[in-house]
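What follows is a short report on a single structure.
The values are calculated or read from the model by the stated rules, or taken from the named source; none is laboratory data. If you're wondering where the values come from, they're calculated on a predicted model, not measured in any experiment. Glycine gets a Cβ as well: all are built from the backbone with ideal geometry, and neighbour counts include every protein chain shown. Protein only, heavy atoms only, side chains kept; ligands, DNA and RNA dropped before computing areas. Shrake-Rupley method; radii C 1.70, N 1.55, O 1.52, S 1.80 Å.
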Amino acid sequence: KLRLEHERETNKTKEADATSMAKAPELPVFRDNTDDIETYLERFERIANAYKWDKSNWAIMLSSLLSGKALDVYGRLPISEATDYEKIKGALRKRYNLTEEGFRQKFRMSIPEESENPSEFATRIAIYLDKWIELADATDYDKLKTLFIKEQFLNICNLKNTSAIP
């Protein structure tokens, strides 16, 4: 009796997942030359959460939306990682330099885009800072302080090295 009840609940969950996926908007394929992978993944996750998709299906769903370099990254993953959304996301971030160092550079080097107002620019660099801190695992005051001290130390070392070049 318990087994039958469990099977019924499992079937209900599967049907609910299928229904929620059927109602979801059709997502466009990721395009290397025009789309930002971080923004694309954020939108994918928001839609997946809004429609309550089972996270175990996210990897296969995302893989069907990739093209170009992103699809190459997915294709080169071992099968055990190709079915894990977080592993795919990590590999994509690494390929597109969306790492701790990549976000540090984006935060430090960003300038306002031509069509960007000051509020949009501030929001964009705040996102870069948040991602940099998150990926550096600077989750408390001491870790954040260490991150900024390291940053300042590296900046000073770079200044000394560039001033020594004739």
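Structure data summary
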| item | result |
| --- | --- |
| Candidates 53, 58, filtered to the one that is modelled with pLDDT of 75 or more and more than 16 Å from residue 89 (Cα to Cα) | 53 |
| Cβ-Cβ under 7 Å pairs, at least 6 apart or on other chains, region 39-58 side within 17 Å of residue 82 (Cβ to Cβ), far side open to solvent by 70 Å² or more (accessible area, probe 1.4 Å) | none |
| Index of the failed condition, residue 53 passing every other in (1) open to solvent by 30 Å² or more (accessible area, probe 1.4 Å); (2) of a type outside the set (Lys, Arg); (3) under 19 Å from residue 26 (Cα atoms); (4) more than 16 Å from the chain's Cα centre (by Cα) | (1) |
| Only listed residue being on the phi > 0 side of the Ramachandran plot and open to solvent by 60 Å² or more (accessible area, probe 1.4 Å), chosen from 72, 137, 130 | 137 |
| Residue 94 vs. criteria surrounded by fewer than 17 Cβ atoms within 10 Å (Cβ to Cβ), at pLDDT 95 or above, within 18 Å of the chain's Cα centre (by Cα) and not acidic (Asp, Glu) | no |
| One residue from 26, 45, 86 being assigned to a loop (DSSP other than H, G, I, E, B) and either loosely packed, with under 15 Cβ neighbours inside 10 Å or modelled with pLDDT of 90 or more (or both) | 26 |
| Hits in region 99-125 (condition: assigned to a helix (DSSP H, G or I) and closer than 24 Å to residue 86 by Cβ) | 100, 101, 102, 103, 104, 105, 106, 107 |
| Pick from region 102-127, criterion among the acidic types (Asp, Glu), under 23 Å from residue 42 (Cα atoms) and open to solvent by 80 Å² or more (accessible area, probe 1.4 Å), ranking: modelled with the highest pLDDT | 120 |
| Selection within region 90-105 - free of Cβ contacts under 8 Å to residues at least 24 places away in the same chain and within 22 Å of residue 152 (Cα to Cα) | 97, 101, 102, 105 |
| Residue satisfying all of: in region 130-152; without any contact (Cβ under 8 Å) to a residue 24 or more places away in the chain and within 15 Å of residue 105 (Cα to Cα); farthest from the chain's Cα centre (by Cα) among these | 152 |
